[in-house]
Amino acid sequence: MASSQGANSHETRAQGPRLIALAGPFQCGKTTLLEAILAHAGAIPRQGAVAAGASVGDSSPEARAHQMSVESNIATVDYMGDRYTFVDLPGSVEFAHESRNILPAVDAAVVVCEADPRKVPALQLILRQLEEVGAPHFIFLNKIDAATIDVREALSILQPASRTPLLLRQIPIWNNGVAVGFIDLALERAFVYREHAPSEVIDIPKGDAATEKEARYSMLERLADYDDALMEELISDIEPPRDQVFDDLTKELRAGLVVPLFIGSAERGAGVTRLLKALRHEAPGIDATRVRMGVGENGPALARIMRTIHTPHGGKLSVARVLRGSIADGSTVASPQGEDRISGMSRLTGAAASKLTEAKSGDVIALGRLDHAHTGDTIVADARAGADDLKNTRAPIPDPVHALALTVKDRKDEMRLAAAMAKLIEEDPSLVFVHDQELSQIKLYGQGEMHLRVALERLASRFNVAVEHSKPTVAYRETIRHKVTIRGRHKKQSGGHGQFGDVVLEIAPRSRGDGFAFSERVHGGAVPRQYFSSVEAGCQDALLHGPLGFPVVDVEAVLTDGSYHTVDSSDMAFRTAARIGTSEALEKAEPILLEPVLAVDIFVPSDAMSRATGIVSGRRGQIMGFGPREGWEGWDRLETLIPEAEMDNLIVELRSATAGAGFYQARFDHLAEVVGKQARDIVAAHAKANGG
């Protein structure tokens, strides 16, 4: 059968090992498809079930516990004399950052999906990533055995997710409303599915002949958009040679002009043979990928690090793809941060690793103990000869959208927590770990509730650091309404030199966001100039903890008068006097509570816009504007202002309303006054938490 698919084609079948990504929305069957491919290629004796925890992929305890991919899974197989490495990427947007460092280095991708309108926005996010890096990709329309709509209707549902035309390559054969096989439009052959076995070739059923002719002609018309010779043949009603059709399919896939759509059932292993043969004959190889990535053909051996793993016993592993030349175990490689000697080289299949002594162009390998290299880095075998290739090409880190405050259950684990988090962040840079000194709080930021839950589970299972988590504290502020003039006096005599400082201050509010200002209008040397800076420092000391218990902002202090003692006055005495005076003034100037308000840009599918506005309104938010999201068909952007105190679980609610696709970007905008019972409750809770 292989010879019928372009064996004499002008388009050359790619040589060398290939890297294929399996991508797609959450719960569409990517890991099941990987399992079916491994079984079909003979890499495993039989196809395991994901739900039973018997799959090669999703082998980590966290993936098993949550029945979902929470990191990429890699498996290398040999099929018909060619080597393929498949990387199964997480489908949830919460774990999507890892894909951004992998997709640039793949030769092609298979996007697994269903014809479910609710999942189209999530599919659009994935296809956009592939379009941005220029990776050729196929669609595998999964669960065809359970489909209830015609495949052309499915195509119309999926097309809005892709800026590139989808090209129907197969149509199902129906029997009593169930897809029992398919017709390959390029081969013009029919196949009947066999459970976990290659499909059986049959004659095209008579009842499907007309449908096949129509669908094949539509496919050829699309190909002819980019091939004048084929267009002439179609206009002249000439049947194009099969090799020419496969040439066009290959050429237009590799050029990113079309996205071929295949059908099947990963759970049953149906449609896997034709998918693998399409990958074999049509997907580009390492030469094309190197060109796409801007890596020259000549120069020292070069690889791109796609992922970092910290193993309990083997230490740090850097999963890399060799893009040029060959790399040997024990050799020295350079990254942008420095040089390392490779200590161990292996090929991964799920959690299993097989040792290697050398890797060649196209191979995907795990390299041990590259302490200086990080995910996204380029490494070269010769730092001097490959200086132009040494670059940090790490994917941009998405802004965090969810946060937790952490407290270690055992205080002796505080130092271990920081070290463990450093390793987790090296694996997943979309985690952000912050020690907030002002609030005396350790915070962990990430891409969602599940993202952070998995991170905490890894802390406990891998590093034996158990933590409790809570809602992060909001950094409230306070200011004053009125100007107050006050005298601050500090006098102390305890034998020998005493302490004496005396100041008269005007403490007044400033406009919101103007911060603190200090000036003086002292006449006649009432306070010597040498003490002005100490008075300013004393005023700032008082602002650290205002009458309501929070830092004070947007006030000015003016030193107008005072007195001093030639012997007992000192910098410390005047600083203390200023602090006393400012504190008393703040209490008399009608302090008010301020809360941080964030500018939040929310991005949702258009049909979820009304739900998004309801979510904002329910969080004391203001809608400042809305409109289409630029460059994204079927998406809207909502511009809002939301108090930081109302941001907790916003991303959870948004994703629940958008089938996991919605997200937001937030930044500090301004401080706003909090009044009434809400303000009293905040002040009381703060006082209680601080022993007041």
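The values are calculated or read from the model by the stated rules, or taken from the named source; none is laboratory data. None of these values were measured; they are calculated from a predicted model. Cβ atoms come from the backbone with ideal geometry, glycine included; neighbour counts cover every protein chain shown. Just so you know, the surface numbers come from the protein's heavy atoms only, side chains and all, with ligands and any DNA or RNA stripped out. Shrake-Rupley method; radii C 1.70, N 1.55, O 1.52, S 1.80 Å.
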Test set (1) open to solvent by 20 Å² or more (accessible area, probe 1.4 Å); (2) closer than 30 Å to Ala147 by Cβ - Val259 fails condition number: (1)
Candidate set: the stretch 365-387, residues that are open to solvent by less than 10 Å² (accessible area, probe 1.4 Å) and of a type in the set (A, V, I, L, M); chosen: the one nearest to Gly285 (Cα to Cα): Ile365
Subset of the stretch 298-323 that is more than 22 Å from Pro429 (Cα to Cα) and touching a Lys or Arg at 6+ places or on another chain (Cβ under 7 Å) - its residue that is modelled with the lowest pLDDT: Gly299
Residue that is β-branched (Val, Ile, Thr), open to solvent by less than 20 Å² (accessible area, probe 1.4 Å) and modelled with pLDDT of 95 or more, where the choices are Val110, Val133: Val110
Inter-residue pairs, beta-carbon under 7 Å, first in contact (Cβ under 8 Å) with a residue 24 or more places away in the chain and farther than 19 Å from Pro104 by Cβ and in the stretch 320-342, second basic (Lys, Arg) and not in a loop (DSSP other than H, G, I, E, B), 6+ apart: Ser326/Lys360; Thr332/Arg341
Some residue of the stretch 462-471 being of a type in the set (Lys, Arg) and farther than 30 Å from Met421 by Cα: no
Single unsatisfied condition, Phe246 versus (1) among the aromatic types (Phe, Trp, Tyr); (2) assigned to a helix (DSSP H, G or I); (3) open to solvent by 10 Å² or more (accessible area, probe 1.4 Å): (3)
Residue within the stretch 629-642 that is free of Cβ contacts under 8 Å to residues at least 12 places away in the same chain and among the charged types (D, E, K, R) present: yes
Filter result for Ser265 (of a type in the set (S, T, N, Q), modelled with pLDDT of 95 or more and within 30 Å of Phe86 (Cα to Cα)): yes
In the stretch 228-248, the residues that are touching a helix residue (DSSP H, G or I) at 6+ places or on another chain (Cβ under 9 Å) and either touching a residue at least 24 places away in the same chain (Cβ under 8 Å) or within 20 Å of Arg292 (Cβ to Cβ) (or both): Arg242, Val245, Phe246, Asp248
Segments classed as strands (runs of 3 or more DSSP E), wholly inside the stretch 600-675, with at least 3 members that are surrounded by 15 or more Cβ atoms within 10 Å (Cβ to Cβ), at pLDDT 95 or above and not charged (D, E, K, R): 635-643, 663-674
Lone qualifier among Gly16, Gly91 - being touching a Gly at 6+ places or on another chain (Cβ under 6 Å), buried (at least 24 other Cβ atoms within 10 Å of the Cβ) and either of a type in the set (A, V, I, L, M, F, W, C) or touching a residue at least 24 places away in the same chain (Cβ under 8 Å) (or both): Gly91
Filter result for the condition that a residue is under 49 Å from the mean Cα position of the chain (by Cα), at pLDDT 95 or above and charged (D, E, K, R), over Glu520, Glu536: Glu536
Members of the stretch 630-656 that are under 18 Å from the mean Cα position of the chain (by Cα) and more than 17 Å from Ser617 (Cα to Cα): none
Residues of the stretch 361-387 that turn out to be more than 18 Å from Met345 (Cα to Cα), in contact (Cβ under 8 Å) with a residue 24 or more places away in the chain and more than 28 Å from the chain's Cα centre (by Cα), as a count: 4
Filter pass, Phe246 being under 25 Å from Val272 (Cβ atoms), over 37 Å from the mean Cα position of the chain (by Cα), modelled with pLDDT of 95 or more and among the aromatic types (Phe, Trp, Tyr): no
Matching entry among Lys213, Lys251 (being in a helix (DSSP H, G or I), among the basic types (Lys, Arg) and in contact (Cβ under 8 Å) with a residue 60 or more places away in the chain): Lys251
Qualifying residue in the stretch 578-592 (condition: surrounded by 16 or more Cβ atoms within 10 Å (Cβ to Cβ), basic (Lys, Arg) and under 30 Å from Val675 (Cα atoms)): yes
Condition met for Lys412 (over 30 Å from Ala352 (Cβ atoms), more than 20 Å from the chain's Cα centre (by Cα) and at pLDDT 95 or above): no
Residue check, Leu223 among the hydrophobic types (A, V, I, L, M, F, W, C), modelled with pLDDT of 95 or more and within 31 Å of the chain's Cα centre (by Cα): no
Subset of the stretch 153-170 that is assigned to a strand (DSSP E or B) and open to solvent by less than 10 Å² (accessible area, probe 1.4 Å) - its residue that is nearest to Gly634 (Cα to Cα): Leu167
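One line per residue, one yes/no per condition, for (1) among the basic types (Lys, Arg); (2) in a loop (DSSP other than H, G, I, E, B); (3) closer than 24 Å to Gly446 by Cα; (4) out of contact with any Pro (no Cβ under 8 Å at 6 or more places or on another chain):
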| site | (1), (2), (3), (4) |
| --- | --- |
| Leu367 | no, no, no, yes |
| Thr378 | no, no, no, no |
| Ala383 | no, yes, no, yes |
| Gly386 | no, yes, no, no |
| Leu404 | no, no, yes, no |
Where a residue in the stretch 115-132 is closer than 25 Å to Asp145 by Cβ and its partner, wherever it lies, is among the basic types (Lys, Arg), with Cβ under 8 Å and at least six apart: Leu127/Arg163
